[in-house]
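K.L.:
Here's a structure for you.
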Amino acid sequence: LQFDDWAVDPTFRPAYSAACALLPCDLPDRRDLSLLKSRALKVRSHPKEEGALLVDALIVNEAEFDQPFPVLHLKFASVEGNPLASERFSPADYLAGDMAGVKMMPARTPVHIEVKAIDPGTQAVSYTLDFE
């Protein structure tokens, strides 16, 4: 009963973990997007490709537990705050080098990401990076 909810609850998870060690069950990954933060977000013109941008950031899992890497949602807006463009990046798009293929984002460990995005043009004056 209520396995999906209680198995991720910190109060009940240890009991479910012990039970799943003996029974054929898998615990769902713990996930809390509100504990994911971006730091040092920089968007600049791509040095080699016209019409493209380079996006650099540190993403940090501030939770006390590892959680799946999120989909990144980059949004651009006009001076009036109207949305102009957006782009989504899966973990496979932004994880490279030693992190390529890693599924879980370690707790309290900054991860540097760099992705290439399409330049939305000169009307874009602000940008945000959200997690999904």
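The values are calculated or read from the model by the stated rules, or taken from the named source; none is laboratory data. The structure presented is a predicted model; accordingly, all values stated were derived computationally and were not measured. Note that we place each Cβ from the backbone using ideal geometry, even for glycine, and neighbour counts take in every protein chain shown. What goes into the accessible areas is simple: the full protein's heavy atoms, side chains included, and nothing from ligands, DNA or RNA. Shrake-Rupley method; radii C 1.70, N 1.55, O 1.52, S 1.80 Å.
K.L.:
What 222 nm value per residue comes from the helices of the chain, counting each DSSP H run with n ≥ 4 as -39,500 (n - 2.57) and dividing by all residues, nearest 500 deg cm²/dmol?
P.N.:
The helix-only estimate for the chain comes to -3000 deg cm²/dmol at 222 nm.
K.L.:
Cut-off 17 Å, label point 7 angstrom out along Cα-to-Cβ of Asp93: give me the residues of region 62-86 whose amide nitrogen falls inside.
P.N.:
Flagged as within label range: 69-77, 84-86.
K.L.:
On a 1.4 Å probe surface of the protein chains, which of Asp93, Asp119 comes out largest in accessible area, and what is the full order?
P.N.:
Accessible-area ranking of Asp93, Asp119, largest first: Asp93, Asp119.
K.L.:
Over region 1-111, what is the mean sequence separation of C-alpha contacts under 8 Å (at least six apart), divided by residue count, expressed as relative contact order in percent?
P.N.:
22 percent
K.L.:
Accessible area per residue, 1.4 Å probe, Å², for the chain: what's the number?
P.N.:
Accessible area per residue, the chain: 63 Å².
K.L.:
Rounded, prolate or oblate: which fits region 63-118, taking a ≥ b ≥ c as square roots of the Cα gyration tensor eigenvalues, rounded meaning a/c under 1.5, else prolate when a/b beats b/c?
P.N.:
prolate
K.L.:
I've got another one for you. How much length would be gained if the chain were fully extended between Val71 and Arg108, taking 0.36 nm per residue of separation minus their Cα-Cα distance, in nm to one decimal?
P.N.:
Roughly 11.5 nm would be gained on extension.
K.L.:
Could you order Tyr127, Tyr16 so the one with the most accessible surface comes first? Probe is 1.4 Å.
P.N.:
Tyr127, Tyr16
K.L.:
A further question on this structure: Which option, (i) 55, 32, 30; (ii) 47, 27, 27; (iii) 58, 34, 22, is the value of Cα extents along the principal axes in Å that was calculated from these coordinates?
P.N.:
(iii)
K.L.:
Where does helix 13-22 land angle-wise versus the long Cα axis of the chain, in degrees 0 to 90, nearest 10?
P.N.:
With both axes taken from Cα atoms, the answer is about 60 degrees.
K.L.:
Where the accessible area of the chain is counted over protein heavy atoms with a 1.4 Å probe, how much of it, in %, is carbon and sulfur?
P.N.:
On the chain, the fraction of accessible area on carbon and sulfur atoms equals 54 percent.
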